[in-house]
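The values are calculated or read from the model by the stated rules, or taken from the named source; none is laboratory data. Since this is a predicted model, take the numbers as computed values, not measurements. Note that each Cβ is placed from the backbone with ideal geometry, even for glycine, and that neighbours are counted across all protein chains shown. Accessible surface areas use protein heavy atoms only, side chains included; no ligands, DNA or RNA. Shrake-Rupley method; radii C 1.70, N 1.55, O 1.52, S 1.80 Å.
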Amino acid sequence: MIVEDDVFAAFVRQHAVRLARLAHQLTHDREAAADLVQDVLLEVYRRWPQVDGARSAYAYTRRMLVNRHIDSGRRRRLITQPWSDDAEATAGSEAQPIDALAERDRIWHALGQLPARQRAVLVLRHYEACPDDEIAALLGCRRATVRSLAARGAATLRPLLVEHTVQEH
């Protein structure tokens, strides 16, 4: 069991930040994201022999995280700051022009208004760079459903982004 614990601990060290960022993109709430990751990692730990034997432990864990988020059915309060760890916050904040930060903030707020499945598809497609086949497998649906959710999500985002731009000026 000690060897498995060491392997699981190494897995967590390698993927915890990436899972936390994904959870935060999905929930738009730091505390909810931390709870989601903790719940999923606890479940992964309980199932570690099966997970570790899977083709990709990260993909398995990511699927659990996305499914748990969608199944929760809870809309969390929207926060104003996107996820960043301390290293990125100090290194990235000086390097990013204010316009890029404003654009990221506009997209962040608009994404927060999408239904969970549409947000999940857009986050997986654009943030995790997952192909439609993989997203379909993660969500347990067909590729056509993924494309439909992406199209509806993008269609919903367009007026929200325009509305947000108009309000700023």
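With a 1.4 Å probe rolled over the protein heavy atoms of all chains, the accessible area of V162, V44 falls in the order V162, V44, largest first.
Please say if the stretch 1-58 is rounded, prolate or oblate, where rounded means a/c under 1.5 for a ≥ b ≥ c the square roots of the C-alpha gyration tensor eigenvalues, and otherwise the choice is prolate for a/b larger than b/c and oblate otherwise? It comes out prolate by the Cα gyration axes. Ligands, DNA and RNA excluded, the heavy atoms of L114 present near 0 Å² of accessible surface to a 1.4 Å solvent probe. Using the Cβ-Cβ distance between S148 and D71 with R0 set to 25 Å, the FRET efficiency from 1/(1 + (r/R0)^6) comes to roughly 0.80. Rolling a 1.4 Å probe over the protein heavy atoms leaves R104 with an accessible area of roughly 110 Å².
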